[in-house]
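The values are calculated or read from the model by the stated rules, or taken from the named source; none is laboratory data. No experiment lies behind these values; they were computed from the predicted model shown. We place every Cβ from the backbone using ideal geometry, glycine too, and count neighbours over all the protein chains shown.
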Amino acid sequence: MKLKRLFAVSVLLVSMVASIADAAQWPKQRFVQMQSDAKSSLCIAVADALASAPKDVYGRLFKKLRDRQTRIEDELPIGKVTFLPPLTRPFKTIDTKGVERTFHVDYYHLDADNDGSAEMLMISSGGRGPAGDGDTLYLLAHDPSSLAQPVPNEIFVDVALEIGGPKLTFYTESGTFDPAYYIYPFAFQDRNYLLLEGNRIEDLKYLVVELVPGTGIVSRCRL
């Protein structure tokens, strides 16, 4: 049985290496300039949704959209925008020595780059910014959500794109976006986007970005 599992791991790793060119379509971005078309239908729809969206006691979307205890379990339509639910499930992994482990993963499963196929976006929180919090979103190069378990450890560290304060700064000539931002995927007119919410409670700001294959992370709205 162990030999069969190790063989399966080897086959999967070979397939991961063979498809590494697919992950290479994302350019390395350390800085992304914030741009905004305030009159676009996208920006107007997001602004309207934010005006009526349920907030936590700090005025943020976090409790309703991301907290494990109170977050949404299904899609949440607000006006013309639909916020997408995060998932949590255990994954069994196996290393090259055949050692198995189980850990719980917070993630989204959606067509993040609007190319017609769903991806797995693993998300983690904590440890950045003046409030000691913030998100990092990892778009995995390979989607383990539909694979038979255990899956090789390597599949969770083979990241095609990373979005988070330590690795990605959004800026204008007048300053930068709060590095401890929260990230909420949403849909608008059959396309998926990411809403970034600044973590400075006294001055909440929002940024809408789109993942464009071959181009990278593109800013669409600053609210």
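Scan segment 186-215 residue by residue and report those that are exposed (fewer than 13 other Cβ atoms within 10 Å of the Cβ) and touching a strand residue (DSSP E or B) at 6+ places or on another chain (Cβ under 9 Å).
R191
For E173, are the conditions met, namely being of a type outside the set (S, T, Y) and touching a Leu at 6+ places or on another chain (Cβ under 7 Å)?
So E173 fails the test.
Hey, among the residues in segment 186-207 that are outside any strand (DSSP E or B) and without any contact (Cβ under 8 Å) to a residue 40 or more places away in the chain, which one's farthest from the chain's Cα centre (by Cα)?
So in segment 186-207, the residues outside any strand (DSSP E or B) come out as 189-190, 198-205.
Filter once more, so that each one left must be without any contact (Cβ under 8 Å) to a residue 40 or more places away in the chain: 190, 198, 202-203, 205.
Numbers: D190: 18, G198: 15, E202: 25, D203: 23, K205: 18 Å.
So, considering only residues that are outside any strand (DSSP E or B) and without any contact (Cβ under 8 Å) to a residue 40 or more places away in the chain, the one farthest from the chain's Cα centre (by Cα) is E202.
Residue by residue through segment 52-79, note down the ones that are closer than 30 Å to G216 by Cβ and in a helix (DSSP H, G or I).
F62, K64, L65
Which of the residues that make up segment 188-206 are modelled with pLDDT of 95 or more and more than 10 Å from D178 (Cα to Cα)?
Answer for segment 188-206, where residues must be modelled with pLDDT of 95 or more and more than 10 Å from D178 (Cα to Cα): F188, Q189, D190, R191, N192, Y193, L194, L195.
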